[in-house]
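Heads up, the thing below is written out as structure tokens.
The values are calculated or read from the model by the stated rules, or taken from the named source; none is laboratory data. Computed from a predicted model, the values in this text were never measured in an experiment. Counting neighbours? That spans all protein chains shown, and the Cβs are built from the backbone with ideal geometry, glycine included. Protein only, heavy atoms only, side chains kept; ligands, DNA and RNA dropped before computing areas. Shrake-Rupley method; radii C 1.70, N 1.55, O 1.52, S 1.80 Å.
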Amino acid sequence: WGILFSHPRDFTPVCTTELGRAAKLAPEFSKRNVKMIALSIDSVQDHLSWCKDINAYNGDQPAEKLPFPIIADKNRELA
């Protein structure tokens, strides 16, 4: 199984809280062999900064990494 989170833009409040909760639940999904991935129209550089914000929202260290990748779709070819 897989979960695709599709987001219109990085740093939006609802998207940040959704990915924050998904990051907290990632170990439970992993136990069930569910792969998680996100898609957003912003650049990889924006995603790295956004990951810091998501982790800080969760009360974790503001690291540039989540337990799942975020696809950069800057040219909106996938979306």
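Here are the numbers for this structure:
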| item | result |
| --- | --- |
| Probe 1.4 Å - accessible area at LYS31, Å² to nearest ten | 150 |
| Within-14-Å neighbourhood charge of PRO8 [Cβ basis; K, R +1; D, E -1] | -2 |
| For segment 35-50, Karplus couplings with θ = phi - 60° (6.51, -1.76, 1.60), whole Hz, Gly/Pro x | 8, 10, 8, 10, 9, 8, 7, 8, 7, 4, 4, 5, 4, 4, 5, 5 |
| Heavy-atom accessible area ranking, 1.4 Å probe, most first, across ILE54, ILE3, ILE41 | ILE3, ILE41, ILE54 |
| The chain: relative contact order as a whole-number percent, Cα under 8 Å and 6+ apart | 36 |
| Residues whose placed amide H lies under 5 Å from that of ILE3, excluding near-sequence neighbours | LYS35, MET36, ILE37 |
